[in-house]
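**Q** Pasting in a structure now, in structure tokens, and then I'll have a few things to ask.
Taken together, the values in this text are just the output of simple stated rules run on the coordinates, not laboratory data. Since the model is a prediction, treat every value here as computed from it, not as a measurement. Here the Cβ is made from the backbone with ideal geometry for all residues, glycine too, and neighbour counts use every protein chain on show.
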Amino acid sequence: MMDQKEFRKACYEAARRTRGQIARFLPYQQPGNFEQAEIVYPHRTAAVLWTQDWDEGGRHEIFGIAEAPVGFGSITFVDEPGLLAVLGELLRGHRLYTRAELEAPIDLTAPPWVDYREARFWRPDNLGEALFNCWD
């Protein structure tokens, strides 16, 4: 299981390896369910998103990349190829979703760990909005 210190360490290392620079960390805040690290590149600022979910199988660490800033109702998922590759190495054993996966429709009958009651009420447009959400 990952903690905030390990998340930040992985993000600093990923930024270093991809020639980016950490701009800031935004901790979990209500009504959101995720933490984020903003990494600045010459062409964009990317946010590494991290959330955790639990089911009968235990705790799951879930990661994605979005265009920063990320706020309520404004998550734009991106693929930052170098960052995806490095995070894949650094976060072995954890689930890092690509843009295509995050923008895919939700299948409420299959993992990943989406609370179907919340999803039916809030009606997110895609899997990413269900995993990284700002519901109250």
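**Q** So for the pair Asn126, Thr98, with labels modelled 7 Å out along Cα→Cβ, what separation do we get in nm?
**A** With each label point 7 Å from Cα toward Cβ, the separation is 1.3 nm.
**Q** What does the charge dipole of the chain about its Cα centre add up to, to the nearest 20 debye, if the Cβ of each Lys and Arg holds +1 and the Cβ of each Asp and Glu holds -1? Numbers along the way, then the final one.
**A** On the way: 15 positive and 21 negative charges, 112 e Å.
Using only the charged Cβ atoms, the result is roughly 540 debye.
**Q** Give me the three principal axis extents of region 4-131 from the C-alpha atoms, as integers in angstrom, largest value leading.
**A** The Cα atoms of region 4-131 stretch 41, 29, 27 Å along the principal axes, largest first.
**Q** Relative to the longest principal axis of the chain, what angle (0 to 90°, nearest 10) does the C-alpha long axis of helix 4-17 take?
**A** Helix 4-17 and the main axis of the chain meet at about 50 degrees.
**Q** Under a Cβ-only charge scheme (Lys and Arg +1, Asp and Glu -1), can you give me the dipole magnitude of region 1-69 about the Cα centre, in debye to the nearest 20? Write down the numbers at each step before the final one.
**A** Numbers: 9 positive and 10 negative charges, 111 e Å.
That gives a dipole near 540 debye.
**Q** A further question on this structure: Return one number: the angle in degrees, 0 to 90 and rounded to the nearest 10, between the long axis of the Cα atoms of helix 81-90 and the longest principal axis of the Cα atoms of the chain.
**A** The angle comes out at about 80 degrees.
**Q** Moving to a separate point now. At 7 Å along Cα-to-Cβ for each site, give me the label-to-label distance between Ala85 and Leu108 in nm.
**A** Result for the modelled spin labels: 4.0 nm.
**Q** Let me ask you something else. Report the label-to-label distance for Tyr116 and Arg8 in nanometres (one decimal), using points 7 Å from each Cα along the Cα→Cβ vector.
**A** The answer from the label model is 3.9 nm.
**Q** For a footprinting-style exposure proxy, rank Leu127, Leu108 by other Cβ within 10 Å, fewest first. Provide the component values of the computation, followed by the final result.
**A** Details: Leu127 21, Leu108 11.
The fewest-first ordering by Cβ neighbours comes to Leu108, Leu127.
**Q** Then there's this: Among Arg117, Arg17, which comes first, second and so on when ranked by fewest other beta-carbon atoms within 10 Å?
**A** On the way: Arg117 9, Arg17 15.
Starting with the residue having the fewest Cβ neighbours, the order is Arg117, Arg17.
**Q** If I stretch the segment between Arg16 and Thr76 completely, what's the gain in nm (0.36 nm per residue apart, minus their alpha carbon distance), one decimal? Please report the intermediate quantities before stating the final value.
**A** Values: separation 60, 0.36 × 60 = 21.60 nm, distance 2.35 nm.
Difference between extended and current length: 19.3 nm.
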